[in-house]
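Notes for the one structure printed next.
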Amino acid sequence: MTERTELVEHGQLFIGGEFTDPLGTEVIEVISPHTEQVIGRVPHASEGDVDRAVAAARRAFDEGPWPRMGLDERIAVITRIKDAFAVRHEEFARLISAQNGTPYSSSVMVQALAAMMVWDSAITVARDFPYEERRDGVLGPLLVRREPVGVVAAVVPWNVPQFTAAAKLAPALLAGCTAVLKVSPETPLDAYVLAEIAEEAGLPPGVLSILPADREVSEYLVGHRDVDKVSFTGSVAAGRRVMEVASRNLTRVTLELGGKSAAIILPDADLEAAVAGIVPFAWMINGQACVAQTRILAPRSRYEEIAEAFAAAAGALRVGDPLDPTTELGPLVARRQQQRSLDYIKLGQEEGAKILTGGNRPAAQERGWYVEPTLFGSVDNSMRIAREEIFGPVICLIPYEDEAEAVRIADDSPYGLSGSVWTADTERGIDVARRVRTGTYSVNTFSLDMLGPFGGYKNSGLGREFGPEGYGEFFEHKMIHLPAGYREA
């Protein structure tokens, strides 16, 4: 076993670019989802701490050097942050796995190196972005500028804390914004490594603050009158609340929310390749991923064959200690998430779905918030287990008659975040991809490329992250009218 036994404790908050004592005395205890024991303690940021962080960010944006630096100067700082991720990626992976249960075998890439790739990709986008352009207007020449939006409140979840933080901070900081990062109380420990990296990289005072806190303090941050932009990743319910609170100040929002994505297996698909490609991304992060392929759509002509193959693959996943490098599926982040999955498993049975594998707590795990990798067959897309985001290791196998019905079922969802199609005919797969209403789609693979736009249709969100589209979320657009006949010297 490779359990984490040492207690990680931090007594200060990272506000305005330096570690400082919190105003309050409340403490967050971090609980291991594997041992159910306390593995860390950090201060719980208060509303007063939010005021200090936002004030520092406001001063740094209005008066400080960061927004006024040349792009190359900002890129140099962000490059140092990116490089530090490469050096400390194993530390990030271990800390995050210990906190949220992600198997270390995938955490190195999913939790650490993927975050580094986000920082790196943002640098690539920033270099080529059109910050200022000339246009011929109806009444004369125009100068169109893109200027940093201001103070950014970045609120991130516990499932991929550094990946989602990078998705917000990298473009915001490169754009010249300042930021307050609010991290989840389930995963605050890795945020201290990020704070150390940011301090060592040479961010000017006030540019970045990092606050661990609960939903109430998050709401206070989102509603702060000196915040210009909110970038949020989380549940649909929380996203609606963020939008409501931010609207009081007409604060701009980007929302990356939930999903119930469908992987369509066409009749001509290579089943072995489909199973190998879908299983890791159906049960990724123990099923706690918004982009997870949680609905698998199978043609009735091959349904039994496909059901048998996926049940065997899911049942073979090695469940156990997330810090054991041989583990493929770890515990859920909290007892509430474990109970939520078990409740949905019971509901699925009541709805008439059939458990093909899993369905219980693993007998070998006497402690920890574990749920077996579970696959339901005989699922109708109208069932709640097929329509609601479970955020656990529970997957639905849904039959369809023909391609048109497969596309209809994939679209018959309040979500539209991700999806994939598996076929021997790539052109046919591309045609399906064009027809499904979802923000990110893959053909015979599953990928999330940081140089392209990521985001959702319908209840899956508002706005985009990554690529020039995501970078543009952190800018205001200014139009400057020039006198008729003006030509640049």
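The values are calculated or read from the model by the stated rules, or taken from the named source; none is laboratory data. It should be emphasised that the depicted structure is a prediction, and the values quoted were computed from it without experimental measurement. Cβ sites come from the backbone with ideal geometry, for glycine too, and all protein chains shown count toward neighbours.
Take the conditions in contact (Cβ under 8 Å) with a residue 60 or more places away in the chain and closer than 15 Å to F163 by Cα and apply them to L95. Does it pass? Judged against the criteria, L95 is a match.
The set of residues in segment 188-233 that are over 16 Å from V253 (Cβ atoms) and polar (S, T, N, Q) contains only S209. Filtering segment 52-72 to residues that are of a type in the set (D, E) and assigned to a helix (DSSP H, G or I) leaves D62, D72. Checking P373, P331, P325 one by one, the residue that is assigned by TED's automatic domain parsing to the domain that holds Y441, surrounded by fewer than 19 Cβ atoms within 10 Å (Cβ to Cβ) and closer than 23 Å to Q99 by Cβ is P325 and no other. Within segment 200-219, the residues that satisfy the criterion of being within 22 Å of E63 (Cα to Cα), touching a Ser or Thr at 6+ places or on another chain (Cβ under 8 Å) and of a type in the set (A, V, I, L, M, F, W, C) are V207, L208. Among the residues of segment 220-242, write down those that are more than 17 Å from the chain's Cα centre (by Cα) and either within 17 Å of V151 (Cβ to Cβ) or not assigned by TED's automatic domain parsing to the domain that holds A45 (or both). The answer is Y220, L221, V222, G223, H224, R225, D226, V227, D228, K229.
A count restricted to segment 312-322 and to residues that are part of a helix (DSSP H, G or I), under 28 Å from the mean Cα position of the chain (by Cα) and either basic (K, R) or surrounded by fewer than 21 Cβ atoms within 10 Å (Cβ to Cβ) (or both) stands at 2. Taking (1) surrounded by fewer than 17 Cβ atoms within 10 Å (Cβ to Cβ); (2) more than 27 Å from A237 (Cα to Cα); (3) of a type in the set (S, T, Y) in turn, T423 satisfies each apart from (1). Counting only helices (runs of 4 or more DSSP H) that fall entirely inside segment 382-468 and contain at least 2 residues that are over 16 Å from K260 (Cβ atoms) and modelled with pLDDT of 95 or more, the qualifying elements are 403-411, 426-435. Is it the case that some residue within segment 36-51 is exposed (fewer than 14 other Cβ atoms within 10 Å of the Cβ) and not in a loop (DSSP other than H, G, I, E, B)? Within segment 36-51, one or more residues are exposed (fewer than 14 other Cβ atoms within 10 Å of the Cβ) and not in a loop (DSSP other than H, G, I, E, B).
Taking segment 238-259 only, how many residues are among the polar types (S, T, N, Q) and touching a strand residue (DSSP E or B) at 6+ places or on another chain (Cβ under 6 Å)? Matching residues across segment 238-259 total 2.
All conditions in (1) surrounded by fewer than 19 Cβ atoms within 10 Å (Cβ to Cβ); (2) touching a residue at least 60 places away in the same chain (Cβ under 8 Å); (3) under 19 Å from E469 (Cβ atoms) hold for A172, with the sole exception of (1).
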